[in-house]
Amino acid sequence: MAEQTKKASRRKTTGRRKRTTKKRTLWARIRLWVVRVAIAVPVILVLWIAIFALVDPPITPYMIGEARREGPLKQDWADIEDISPHMARSVVAAEDANFCLHWGFDMAAIRDALEDGADRGASTISQQVVKNVFLWQGRSWPRKAAEAAMTPLLEALWTKRRIVEVYMNVAEFDRGVFGVKAAAMHYYGVGAGELTRTQAALLAAILPNPKGRSASNPGPFTKKRAEAIVDGAATIDTDGRAACFED
């Protein structure tokens, strides 16, 4: 009887040891996968961003969503050399006048936005490129966190000129109209390189709300904003704040 009790006790002890070993093995595997993911995610992000420093993004997540809602899109890529310099200056003057002076985040604009309230935006062109090319739309905290993490990488791996080039090619200018080349033809029947100072300013003026504003039939607000953009573009050209994206 005593021998049977000892055997039963040994079997229980062995069973507990096996279960403990299995648990340790499981947790070791989980920790290993966590480490692998922690290493892989930054590497993948760096490679992803680095590839688009050289390769033109064929489509963006937002374009995919719009194609489902609106049908076929109008979008043709144009190298920055083939785009009117008025357009690059206009979008920078309109969206991010200090683009050449910051590393992805305009801290002064962020402070001003916080003081003025949540309705005022402080998103730089670099942040908008990250959002438009790599992420999804919306104001969720996960997207904001991803944008904040990826923006410095974009600034480190891309030139300022490349950032402006991609921005002008993926921005939405009307329903289903993406990129300045398609927008120039859509609104004015001209090539991207033929845009005048006023036409470029009008296109830049509708960027915050391309579905609610028109560059070919602008309302009073859009006209006034375009006039301010013309002045702003001239200013950054004169004071050197356009130098980082021009030849």
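The values are calculated or read from the model by the stated rules, or taken from the named source; none is laboratory data. Keep in mind the model is a prediction, meaning the values are calculated, not measured. Note that each Cβ is placed from the backbone with ideal geometry, even for glycine, and that neighbours are counted across all protein chains shown. Please note that ligands, DNA and RNA were not included when accessible areas were found on the heavy atoms of the full protein model with its side chains. Shrake-Rupley method; radii C 1.70, N 1.55, O 1.52, S 1.80 Å.
A few points about this structure:
- Rg and Dmax over the alpha-carbon atoms of the chain stand at 26.3, 102 Å.
- Taking 0.36 nm per residue of sequence separation and removing the Cα-Cα distance, the Asp82/Ala50 pair yields an extension gain of 9.2 nm.
- Rounded percent of accessible protein surface that carbon and sulfur make up, the chain, 1.4 Å probe: 58
- Sequence ranges 54-67, 144-157, ranked by mean other-Cβ count within 10 angstrom, highest first: 144-157, 54-67
- Cα long-axis angle, helix 125-134 against the chain (0 to 90 degrees, to the nearest 10): 50
- Based on protein heavy atoms only, the chain ends up with 58 Å² per residue of surface accessible to a 1.4 Å probe.
- In terms of packing, defined here as the mean over residues of other Cβ atoms within 10 angstrom, the peptides 136-142, 200-206, 233-239 line up highest first as 200-206, 233-239, 136-142.
- Counting 0.36 nm for each residue step from His102 to Trp141 and taking away their Cα separation leaves a gain of 11.7 nm.
- For region 142-247, radius of gyration divided by Kirkwood radius, i.e. Rg to Rh on alpha-carbons: 1.00
- Each of Gly176, Leu135, Ala192 was scored by the projection of its Cα onto the charge dipole of region 132-197, and the greatest displacement toward the positive side belongs to Leu135; charges sit on the C-beta of Lys, Arg, Asp and Glu.
- Span from the region 36-79 Cα centroid across to the region 174-225 one, whole angstrom: 24
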